[in-house]
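Participant: Quick one: the structure is below, questions incoming.
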Amino acid sequence: MDDVLRALAEPQHAAISRVQVRGVGASSNAIDHRLGTADWEAATARVLRLVGAPRTPQQDLMVAVLDAGPGCVASYRAAAALWRLPGFPLGPLEVSRPRGWSGRRPARARLHETRYLPATHVTEVNGIPVTTLPRTLFDLAGVQKPTRMERLVNTVAARSPAVLSGLHEMLDELAEHGRNGIVLMREILERLPVGCIPPTGLEERFSALLEEAGEPPLDRQIDLGGHSWIGRVDFVDRALGLVVEVDSATYHSSPLDREADARRDVELLAAGWKRVERIAEEQIWYRPWEPPAIVRRARAALREAFVSRNPPSGVDSC
């Protein structure tokens, strides 16, 4: 029996509910007996935890989910943290369960009871039952400020354009059930049709810096490739063959990230692009004069190279 319980608890961050223990045939007396041993301890009145397992924010959240009973999932800010949405650290314990469930409220988590939580709105992240990313955003829309929600949806859609389609599908589904935040999400999604790739905050700021410096704008979010697709780049000047990538610290700071960026730069040059410039996040936020200067110098160099290769008629090249 102990091996069975350990096998159940280990993928759940070393936690298991009394309901789950009874589900494999253990009686209440058997549960109490195990709490008297050196192997198990009570995380809450309804959840057991393996002694010696690392105490982590993920374990605390898993305990909260189990404590709220069957059908409960991490939601709202806790779900946003699991999905690694910006501005939502792992720590706050928020869970949701279907309304009408008769169990007691969880001991240390904020509980949301919902009239509508179908299986299609639930998944797992790091072994923890959680609302899907689209459902998480709709839940947050009912409790967050409009400006923050618009930034969040833009960020998610820029990272993963496929999520935008899921948000549009879920809009009509949830509107039938009446929810806080539906009006706000409808307004946001009207500005983001399916297939739209919104700029990230970095890209918006970069474009604004070019405009403020009087530099002509660049085309944004372009799919490029030679004989095969190389990827989507942030900005291009097609006439000059210039590619500009805006590199966030999150996705371009590790040695592996830099190696991947270097390989892609080589592929772009091999595909016929004349120059690739990379602009770091810190330059955009902390040295805002640098990005326009980089683009200006790159354009000037490419124009000069073009003229040297194609001298005006009647002029001998040296």
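The values are calculated or read from the model by the stated rules, or taken from the named source; none is laboratory data. This is a predicted model, so every value here is computed, not measured. A quick note on method: Cβ atoms are made from the backbone with ideal geometry, for glycine too, and the neighbour counts reach across all protein chains shown.
Participant: When the residues of region 163-185 are narrowed to those that are outside any helix (DSSP H, G or I) and in contact (Cβ under 8 Å) with a residue 24 or more places away in the chain, which ends up nearest to the chain's Cα centre (by Cα)?
Facilitator: Checked region 163-185; the qualifying residue nearest to the chain's Cα centre (by Cα) is Gly181.
Participant: Which of the residues spanning region 75-97 are surrounded by fewer than 21 Cβ atoms within 10 Å (Cβ to Cβ) and closer than 21 Å to Glu169 by Cβ?
Facilitator: Result: Trp83, Leu85.
Participant: Which ones in region 264-279 are more than 14 Å from Leu209 (Cα to Cα) and not charged (D, E, K, R)?
Facilitator: Hits for region 264-279 are Val266, Leu268, Leu269, Ala270, Ala271, Gly272, Trp273, Val276.
Participant: Quick check on region 53-66. Is at least one of its residues surrounded by fewer than 23 Cβ atoms within 10 Å (Cβ to Cβ), modelled with pLDDT of 90 or more and among the hydroxyl-bearing types (Ser, Thr, Tyr)?
Facilitator: Yes - at least one qualifying residue is present in region 53-66.
Participant: Residue check: is Leu192 surrounded by 14 or more Cβ atoms within 10 Å (Cβ to Cβ) and either part of a loop (DSSP other than H, G, I, E, B) or free of Cβ contacts under 8 Å to residues at least 40 places away in the same chain (or both)?
Facilitator: yes
Participant: Tally up the residues in region 195-214 that are touching a residue at least 40 places away in the same chain (Cβ under 8 Å), surrounded by 13 or more Cβ atoms within 10 Å (Cβ to Cβ) and either out of contact with any Pro (no Cβ under 8 Å at 6 or more places or on another chain) or not in a loop (DSSP other than H, G, I, E, B) (or both), please.
Facilitator: Residues in region 195-214 being touching a residue at least 40 places away in the same chain (Cβ under 8 Å), surrounded by 13 or more Cβ atoms within 10 Å (Cβ to Cβ) and either out of contact with any Pro (no Cβ under 8 Å at 6 or more places or on another chain) or not in a loop (DSSP other than H, G, I, E, B) (or both): 10 in total.
Participant: Look at region 66-103 and say how many of its residues are charged (D, E, K, R), more than 25 Å from the chain's Cα centre (by Cα) and within 23 Å of Leu8 (Cα to Cα).
Facilitator: 1
Participant: What residue, of Arg303, Arg299, is touching a Leu at 6+ places or on another chain (Cβ under 8 Å), within 18 Å of Ala213 (Cα to Cα) and of a type in the set (D, E, K, R)?
Facilitator: Just one listed residue meets the conditions, Arg299.
Participant: Of the conditions (1) modelled with pLDDT under 95; (2) out of contact with any strand residue (DSSP E or B) (no Cβ under 6 Å at 6 or more places or on another chain); (3) hydroxyl-bearing (Ser, Thr, Tyr), Thr114 satisfies every one except a single condition; which number is it?
Facilitator: Among (1) modelled with pLDDT under 95; (2) out of contact with any strand residue (DSSP E or B) (no Cβ under 6 Å at 6 or more places or on another chain); (3) hydroxyl-bearing (Ser, Thr, Tyr), the lone unmet condition for Thr114 is (2).
Participant: Checking Pro217 against (1) assigned to a loop (DSSP other than H, G, I, E, B); (2) modelled with pLDDT under 85; (3) surrounded by fewer than 17 Cβ atoms within 10 Å (Cβ to Cβ); (4) not hydroxyl-bearing (Ser, Thr, Tyr): exactly one of these is not met. Which one?
Facilitator: (2)
This table checks each residue for (1) in contact with a helix residue (DSSP H, G or I) (Cβ under 6 Å, 6 or more places away or on another chain); (2) without any contact (Cβ under 8 Å) to a residue 60 or more places away in the chain; (3) assigned to a loop (DSSP other than H, G, I, E, B); (4) over 28 Å from Ala158 (Cβ atoms).
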residue: Gly71; (1), (2), (3), (4): no, yes, yes, yes
residue: Arg77; (1), (2), (3), (4): no, no, no, no
residue: Ala81; (1), (2), (3), (4): no, yes, no, no
residue: Arg84; (1), (2), (3), (4): no, yes, yes, no
residue: Phe88; (1), (2), (3), (4): yes, yes, yes, no
residue: Arg97; (1), (2), (3), (4): no, yes, no, yes
